[in-house]
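Heads up, the thing below is written out as structure tokens.
The values are calculated or read from the model by the stated rules, or taken from the named source; none is laboratory data. Just so it is clear, the structure is predicted and the values come from calculations on it, not from any experiment. Ideal geometry is used to build each Cβ from the backbone, glycine not excepted, and the neighbour counts take in all protein chains shown. These area figures cover heavy atoms from the full protein model, side chains too; ligands, DNA and RNA do not enter into them. Shrake-Rupley method; radii C 1.70, N 1.55, O 1.52, S 1.80 Å.
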Amino acid sequence: MRPTHCWFFASLIVCGAGADPGVPGAAEDASSDSLAEAPIAWNATYASWYSFQGLDYSQRRPVLQPQVSGSLRGFTLTAWGNMDQTRRELNEIDISLQQDWGLRAVSVGLGYARLQYPHRDWEPTQEVLAELTAEAPLHPSLSVHWDVAAGSGRYWALGVNHAIPWQQGSVALATHLYFQEHYYELTGIPALETSLCASTAWAGISVQPTLSRFWTWPNGDFRNDQAIRGGWALSLLCSSR
């Protein structure tokens, strides 16, 4: 049985220029655009710890999160994993299928995800998801994931980001507000994330170091024994261009 305060969609702890945040983390990350542009694409994130909406899934220990994705006619099939670097174990595998549309100044994505947890005493689960991103100042975005199995609830992410060109790349500032609704019987705001992310390229590889801060406070069900510990997180994302 999975703990009632767990999971990360595949939300990587990154925010790049022009990012559509939200995997896996989640995530909802700076790699989303590059994945959509190439038929086959890959990325990998090395993070100081595994965070899902500010929740700590690796006891503040480093993780490696590889991802591979293939796109065809608007559909994207993605496989994402989380590897515990202390135990040398692969303890999460997420497989998702998503279709994206461009509607004037708004991008829309609808999808399905299957989550499995080898080497964890957590039940596999399934989600349906929707994502919206507007081509407007600060690139506002909204994502909602509805767990239709073990979690039996929803979690949301509302984000904005602003990129500033810099030499051969850019620097981006981003903010994400997270909310959960009866997700594993918890309702409330687990965290507010602020991030500073640099983006550049080296030897044909996109490189994105990110510094994130998770701000937490007692609210809803996230208090007392369920209170969330805030803190800093560092990550490095490398991806195909």
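Structure notes:
- Selection within the stretch 116-131 - β-branched (Val, Ile, Thr) and either in contact with a helix residue (DSSP H, G or I) (Cβ under 9 Å, 6 or more places away or on another chain) or more than 22 Å from VAL106 (Cβ to Cβ) (or both): THR125
- Only one entry of ARG114, ARG61 meets the criterion of being outside any strand (DSSP E or B) and of a type in the set (Lys, Arg), and that entry is ARG61.
- Selection from the stretch 81-111 of residues that are in a strand (DSSP E or B) and of a type in the set (Val, Ile, Thr): ILE93, ILE95, VAL106, VAL108
- Test: residue in the stretch 156-175 that is assigned to a loop (DSSP other than H, G, I, E, B) and buried (at least 20 other Cβ atoms within 10 Å of the Cβ): no
- Residue within the stretch 213-228 that is under 23 Å from GLN67 (Cβ atoms) and open to solvent by less than 10 Å² (accessible area, probe 1.4 Å) present: yes
- Considered as a group, the residues in the stretch 73-92 that are among the acidic types (Asp, Glu) and either modelled with pLDDT under 95 or surrounded by 15 or more Cβ atoms within 10 Å (Cβ to Cβ) (or both) include one that is farthest from PRO62 (Cα to Cα), and that residue is GLU92.
- Residue count for the stretch 68-113, restricted to those that are closer than 17 Å to GLU131 by Cα and of a type in the set (Lys, Arg): 1
- Selection from the stretch 132-175 of residues that are more than 18 Å from GLY111 (Cβ to Cβ) and out of contact with any Ser or Thr (no Cβ under 8 Å at 6 or more places or on another chain): ALA136, PRO137, LEU138, SER152, HIS162, PRO165, TRP166
- Criterion: touching a Phe, Trp or Tyr at 6+ places or on another chain (Cβ under 7 Å) and acidic (Asp, Glu) - qualifying residue of GLU127, GLU131: GLU127
- Some residue of the stretch 18-29 being modelled with pLDDT under 95 and assigned to a helix (DSSP H, G or I): no
- Looking across LEU129, LEU142, one residue alone is open to solvent by 60 Å² or more (accessible area, probe 1.4 Å) and not aromatic (Phe, Trp, Tyr). It is LEU142.
- Test: ALA233 is open to solvent by less than 50 Å² (accessible area, probe 1.4 Å), in a strand (DSSP E or B) and modelled with pLDDT of 95 or more: yes
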